[in-house]
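S.K.: Got a structure for you, written out below as structure tokens; questions coming shortly.
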Amino acid sequence: MSERRDYSDFVKAAANRDYVMLDVVRGGAPVGFIGAWKFDGFLYVEHLATYPQYRNMGYGAAALKLLQNDNHVIVLEVEPPVTDMQKRRCEFYRRAGFVMNDCDYLQPPFRACDKPFPLKLMSYPAALNDKQSVIQAIYAKVYDTDYDRVLALYKKSRTH
């Protein structure tokens, strides 16, 4: 299972007018990046990364704060907080004002050989009112699929 796009899929996504790639910069040097999708009513953060040598220095939190200043609602996927690292990531977003949404969410696969992957949705500044419409919008724009297909793939993967 891969939670990231292949380079060719990234190039395709980057050509979409609703996809934004933002560099996180310190003193003119890149220290990380954010890949996000613009929707009516929210911003979906697909990827937030700080380069290893700059982690735990506050750059990710500062970048999120800038996004929060420019966007009323932000949505992102996280792994369920089971391992220590997963718990740390969720806590990072919680400290930044995000809340965990109480809903089932499957990340659609980026490649045909992969399977849907159970994740959780976090949102800022509050829980989502209409989770299903947000999920459907993400599936359609980001993954070019719909809920029924993702659910069928997931069920099939659980029986094999």
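S.K.: Under a Cβ-Cβ cut-off of 12 Å, what is the net charge of the residues other than residue 154 that fall near it, where Lys and Arg count +1 and Asp and Glu count -1?
M.R.: Result for the neighbourhood of residue 154: +2.
S.K.: For the stretch 120-160, what does the convex hull of the Cα positions come to per residue, in cubic angstrom?
M.R.: Working: hull volume 3.3 nm³, N = 41.
Dividing the Cα hull volume of the stretch 120-160 by its residue count gives 81 Å³.
S.K.: Carbon and sulfur together cover what percent of the accessible area of the stretch 74-141 at a 1.4 Å probe radius?
M.R.: Working: 1870 of 3500 Å².
C and S atoms contribute 53 percent here.
S.K.: In addition: With all pairs of different alpha carbon atoms counted, what Kirkwood hydrodynamic radius in Å does the stretch 35-106 show? Walk me through the numbers on the way to the answer.
M.R.: Values: mean 1/r = 0.0757 Å⁻¹.
Answer for the stretch 35-106: a Kirkwood hydrodynamic radius of 13.2 Å.
S.K.: If you don't mind, another one. What is the gain in length, in nm to one decimal, between residue 103 and residue 132 on full extension, counting 0.36 nm per residue of separation less the C-alpha to C-alpha distance?
M.R.: Numbers: separation 29, 0.36 × 29 = 10.44 nm, distance 0.87 nm.
Separation in residues times 0.36 nm, less the Cα-Cα distance, equals 9.6 nm.
S.K.: Skipping prolines and chain starts, which residues have an amide H placed within reach, meaning under 5 Å, of the one on residue 31, given they are 5 or more residues away or on another chain?
M.R.: 24, 25, 26
S.K.: For 90, 113, give me the order by solvent-accessible area with a 1.4 Å probe, most accessible first, ignoring ligands, DNA and RNA.
M.R.: Numbers: 90 15, 113 110 Å².
Correct descending sequence by accessible area is 113, 90.
S.K.: Still on this structure: Please list the non-local residues whose amide H lies under 5 Å from the amide H of residue 73, H modeled 1.01 Å from N, same-chain partners needing a gap of 5 or more.
M.R.: Hits under the 5 Å cutoff: 43.
S.K.: State in Å² the accessible area per residue of the chain; use a 1.4 Å probe, count heavy atoms of protein chains only, and round to the nearest integer.
M.R.: Values: 9610 Å² over 160 residues.
On a per-residue basis, the chain sits at 60 Å².
S.K.: Go through the stretch 64-70 residue by residue and turn each phi into a ³J(HN,Hα) via Karplus (6.51, -1.76, 1.60, θ = phi - 60°); whole Hz please, and just put x for glycine and proline.
M.R.: 4, 4, 5, 4, 5, 5, 9
S.K.: Could you report the accessible area of residue 38 in Å², rounded to 10, computed with a 1.4 Å probe on the protein chains as they sit in the structure?
M.R.: Rounded to the nearest 10, that gives 90 Å².
S.K.: Kirkwood hydrodynamic radius, the chain, all distinct C-alpha pairs: what's the number in Å?
M.R.: Working: mean 1/r = 0.0605 Å⁻¹.
Taking the inverse mean of 1/r over all distinct Cα pairs, the chain comes out at 16.5 Å.
S.K.: Whole-Hz ³J(HN,Hα) for each residue in the stretch 127-144, computed from phi via Karplus 6.51 cos²θ - 1.76 cosθ + 1.60 with θ = phi - 60°, x for glycine and proline: what do you get?
M.R.: 4, 6, 6, 10, 4, 5, 6, 5, 4, 4, 5, 4, 4, 5, 7, 7, 10, 6
The values are calculated or read from the model by the stated rules, or taken from the named source; none is laboratory data. What you see is a predicted model; the values in this text were computed from it and never measured. Note: ideal-geometry Cβ built from the backbone for every residue, glycine included; neighbour counts use all protein chains shown. Please note that ligands, DNA and RNA were not included when accessible areas were found on the heavy atoms of the full protein model with its side chains. Shrake-Rupley method; radii C 1.70, N 1.55, O 1.52, S 1.80 Å.
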